[in-house]
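Participant: Below: one structure in structure tokens.
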Amino acid sequence: YVTIALIAINCLVFLYEVTRPGDGMQQFIWKYGYVPAEFVHGSDAVRKELRAANNAPPTRYRDQRTGRTFIVPPPQRPVEEAIAYPAWINIFTCMFLHGGWMHLLGNMLFLWIFGNNIEDKLGPVLFVVFYLGTGVAGNLAHTWWDPALVPLVGASGAISGVMGAYIVLFPRVRILAVIPWYFYWFTVRLPAWVFLGVYYLIQNLSSAFRPSQGSVAYWAHLGGFAAGAAMIFLLPHRKHPPRTRPVPPRSDHEADFEF
């Protein structure tokens, strides 16, 4: 139930976010997103830097194809919204915001697949603690690597923590993966340790040290993943009552869908 509730909350918050008129979405993200620079340098420094950026002179841009010159004013960031709440609050609220439809759908898909097993092991209360704790750990890892003046949004750190716990508890459970190859798509069933290991330890770790990371917070993924793998050892697991009747063995095909 907690996994379903988290998915519902994330979806409802995102729908509210994208339906705000005018610049409402930008203001909402700056107000409830997590700005690492505020956590490191404080609200006064963030206010000063944002006002200086808003008052910067316009940039001249020359189109090489047409030869025309354009004057582009600096983007105006909502200063008061950015410092409306302290960083120690926004480090939690940012987990329920997303930057776009693909960001939301990708995160919720992975939470739906892996979250219920971890919730089943920990119980609903400890699962909430685990989810928020790994999300904060991922945000702090991103802060350590890049304390930028850009709001961080998304549940990726917390969901990475769920995956880190999953690879520890269910390393041999097979996951159905869809792999694109040019114009063709094919499926393969991989053990969880291969699927999650390749996706996080290779894709994210190799991308985290690149000079330009784009808009993806790779260190939030890595920090959440490591925190999840560690926290699952520290938190007590819920003991299930013994089965009252024998259960027929499952086929290999059925075992693939234990998530």
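The values are calculated or read from the model by the stated rules, or taken from the named source; none is laboratory data. What you see is a predicted model, and the numbers here were worked out from it, not measured in a lab. Note that each Cβ is placed from the backbone with ideal geometry, even for glycine, and that neighbours are counted across all protein chains shown. Each accessible area value is taken on the protein alone, full model and side chains, heavy atoms only, with ligands, DNA and RNA left out. Shrake-Rupley method; radii C 1.70, N 1.55, O 1.52, S 1.80 Å.
For every residue, the table says whether it meets (1) touching a residue at least 60 places away in the same chain (Cβ under 8 Å); (2) acidic (D, E); (3) within 24 Å of W193 (Cα to Cα).
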{"residue": "W88", "(1), (2), (3)": "no, no, no"}
{"residue": "I91", "(1), (2), (3)": "no, no, no"}
{"residue": "L109", "(1), (2), (3)": "no, no, yes"}
{"residue": "G115", "(1), (2), (3)": "yes, no, yes"}
{"residue": "I118", "(1), (2), (3)": "yes, no, yes"}
{"residue": "G123", "(1), (2), (3)": "yes, no, yes"}
{"residue": "T134", "(1), (2), (3)": "yes, no, yes"}
{"residue": "A137", "(1), (2), (3)": "yes, no, yes"}
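Participant: Okay, moving on. Give the stretch 38-63 a look and list any residue that's within 22 Å of H142 (Cα to Cα), without any contact (Cβ under 8 Å) to a residue 12 or more places away in the chain and charged (D, E, K, R), or say none.
Facilitator: Once the filter is applied, which keeps residues that are within 22 Å of H142 (Cα to Cα), without any contact (Cβ under 8 Å) to a residue 12 or more places away in the chain and charged (D, E, K, R), the stretch 38-63 yields only D44.
Participant: I've got another one for you. Would a scan of the stretch 55-63 turn up a residue that is of a type in the set (A, V, I, L, M, F, W, C) and open to solvent by less than 30 Å² (accessible area, probe 1.4 Å)?
Facilitator: Checked against the condition, which is being of a type in the set (A, V, I, L, M, F, W, C) and open to solvent by less than 30 Å² (accessible area, probe 1.4 Å), the stretch 55-63 yields no hits at all.
Participant: Let me ask another. Which one is nearest to A227 (Cα to Cα) among residues in the stretch 108-163 that are surrounded by 22 or more Cβ atoms within 10 Å (Cβ to Cβ) and of a type in the set (S, T, N, Q)?
Facilitator: Here the residue is T134.
Participant: Also, I was wondering about something else. Determine if the stretch 203-217 includes at least one residue that is at pLDDT below 80, closer than 22 Å to M231 by Cα and open to solvent by less than 90 Å² (accessible area, probe 1.4 Å).
Facilitator: Within the stretch 203-217 (the criterion being at pLDDT below 80, closer than 22 Å to M231 by Cα and open to solvent by less than 90 Å² (accessible area, probe 1.4 Å)), the answer is yes, since at least one residue qualifies.
Participant: Since T66 meets every condition but one in (1) without any contact (Cβ under 8 Å) to a residue 60 or more places away in the chain; (2) β-branched (V, I, T); (3) open to solvent by less than 50 Å² (accessible area, probe 1.4 Å), which condition does it not meet?
Facilitator: Result: T66 fails condition (3) only.
Participant: Report yes if V72 is over 30 Å from G123 (Cβ atoms) and touching a Phe, Trp or Tyr at 6+ places or on another chain (Cβ under 6 Å), otherwise no.
Facilitator: For V72, the condition - over 30 Å from G123 (Cβ atoms) and touching a Phe, Trp or Tyr at 6+ places or on another chain (Cβ under 6 Å) - is met.
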